[in-house]
Amino acid sequence: MKGRDIISIRDLKKEEIELVFSVADSMVDIALGKKESNALEHKILATLFFEPSTRTKMSFESAMLRLGGRCIGFSDIGATSVAKGENLHDTVRVVESYSDAMVIRHPKEGAARYAAEISEKPVINAGDGSGEHPTQTLLDLYTMKKAMGGIAGKNVLLVGDLKYGRTVHSLARALSLFGAGIFLISPRELEMPEEVKKEINIEAEGERIEDHIREADVIYVTRIQKERFPDPAEYAKLSGRYRIDSKLLEMAKKECIVMHPLPRVEEIAYDVDSTEHAWYFREAFNGIPVRMALLSLIMGVVE
Amino acid sequence: MRELKIEAIRNGTVIDHITAGTALKVLSILEVDPEATISLAMNVSSRKYGKKDILKIENMELNEDDVDRIALIAPHATINIIRGGEKVKKFKVELPDTIKGIVRCMNPGCISNVSNEPVERVFYVIDKKTPILKCKYCGREMSEFLDYIL
């Protein structure tokens, strides 16, 4: 995968995703700080964050630093040439000459693919507009695989905003590729769009978690985003709709895991944190070995 | 009878089998010399499609780019090139697999619509019949084009 751009999860073949996972497994001890590595010594990763995202940026930086590499970048365009009117094209051309790979987050859809076309160096998409966020999808799949031993034949409940949350669209497609059964749980107003539905293995669709929680191997909860609703009353009505707490989880299988891309607002009660079901913080940690694996593969230090 | 509805031309292009009612749209996207003589027939009966429009443009021969533009709104159109009263070339419009620089993406949030980026508008033709285009950058699928022709 040396030199590859990671723009959409759909650009990756199943075998390539599996390769990322097996490399990620070998990175866990380094990610935990138990083992040292200089695999990416003298390599520089540029992080171009045209939109703030402390978490994604920090996890890429942590992944790079754990492997002995270095990072440069920005997350506040006010302090860059962009504020002086420089376009994305020129920013990418300049930054590629400063680095070995770049991670980009940009408000415009398709910006990462455009950047990848301009840059000779590999580009990783860390979110473009309401578009793709492939490393989130990879770490979600990796987490499920680690928790359950495999993904094929497992029942995954996708809960919450299935309409606007486009990372959940990528996840649903990837889950289908790996043979999971998908249960769509959302208010009618926030249903999964038809064009995604026709591409995925849907087991059931509904509005209530209670109807399918007993069958669930994974409950994947997404945040209902406030900024999607012009009417605050409408938001208030929907946002409290799905709240996972330890009482509700009594209905679930003992080994059922609860995941969330974070940040959570009120979708998961704090009393879930101390249960065996809580996997969202492990999910966040898994972002490190998965990103370490990707960086090593695209920079060609692992084959 | 059909032939008599509009006069035959000696030199130029006849576009036949235009989707009925869209000849004016077709004309609006062709860069025709404003001085050119143009005859237009709409809702003419057609054995194949029931009704069709026909456009005859004198002293202008369409090139491939023009044909691509037409194909988006009149996918069944046939182009006849006339020289000295003779039909010298006849071809059907056909959409290529990719379309470059003809339409812009309908998604206002797409990077290809950012005015200060030197980005070429590229679409994959995912359905040649309907037709449906998919933006190379944001992935938005489009089946309405008139308002987006560059």
Filter result (of a type in the set (S, T, N, Q), open to solvent by 10 Å² or more (accessible area, probe 1.4 Å) and within 14 Å of another protein chain (Cβ to nearest Cβ)) within region A:120-139:
A:Ser130
So which residues in region A:41-79 are of a type in the set (Ser, Thr, Tyr) and not in a loop (DSSP other than H, G, I, E, B)?
A:Thr47, A:Thr54, A:Thr56, A:Ser59, A:Ser62
Quick one: what pairs do we get from region B:83-103, first residue more than 15 Å from B:Asp66 (Cβ to Cβ), second outside any strand (DSSP E or B) and open to solvent by 100 Å² or more (accessible area, probe 1.4 Å), C-beta under 8 Å, 6+ apart or different chains?
B:Gly84/B:Arg10; B:Gly85/B:Arg10
Residue identified as surrounded by fewer than 21 Cβ atoms within 10 Å (Cβ to Cβ) and either assigned by TED's automatic domain parsing to the domain that holds A:Ala152 or in contact (Cβ under 8 Å) with a residue 40 or more places away in the chain (or both) among A:Tyr270, A:Tyr242, A:Tyr220
A:Tyr270
When you look at A:Val94, is it of a type outside the set (Lys, Arg), more than 22 Å from the chain's Cα centre (by Cα) and assigned by TED's automatic domain parsing to the domain that holds A:Ala293, yes or no?
yes
Here are some conditions: (1) touching a strand residue (DSSP E or B) at 6+ places or on another chain (Cβ under 9 Å); (2) under 27 Å from A:Gly150 (Cβ atoms); (3) surrounded by 15 or more Cβ atoms within 10 Å (Cβ to Cβ); (4) touching a residue at least 24 places away in the same chain (Cβ under 8 Å). A:Glu191 meets all but one. Which one does it not meet?
(2)
Among the residues of region B:49-76, which ones are open to solvent by less than 20 Å² (accessible area, probe 1.4 Å) and over 20 Å from B:Thr37 (Cα atoms)?
B:Lys52, B:Ala71, B:Leu72, B:Ala74
Can you pull out every residue in region A:140-150 that is surrounded by fewer than 24 Cβ atoms within 10 Å (Cβ to Cβ) and either outside the structural domain of A:Ala216 (by TED's automatic domain parsing) or among the hydrophobic types (A, V, I, L, M, F, W, C) (or both)?
A:Ala147, A:Met148
Qualifying positions in region A:104-123 - under 19 Å from A:Val290 (Cβ atoms) and either in contact with a Leu (Cβ under 7 Å, 6 or more places away or on another chain) or part of a loop (DSSP other than H, G, I, E, B) (or both):
A:Ile104, A:Pro122
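The values are calculated or read from the model by the stated rules, or taken from the named source; none is laboratory data. Predicted model, so just to flag it, every value in this text is computed and none were measured. Here Cβ is always computed from backbone atoms with ideal geometry, including for glycine, and neighbour counts include all displayed protein chains. Heads up: the accessible areas ignore ligands, DNA and RNA and are worked out on the full protein's heavy atoms, side chains in. Shrake-Rupley method; radii C 1.70, N 1.55, O 1.52, S 1.80 Å.
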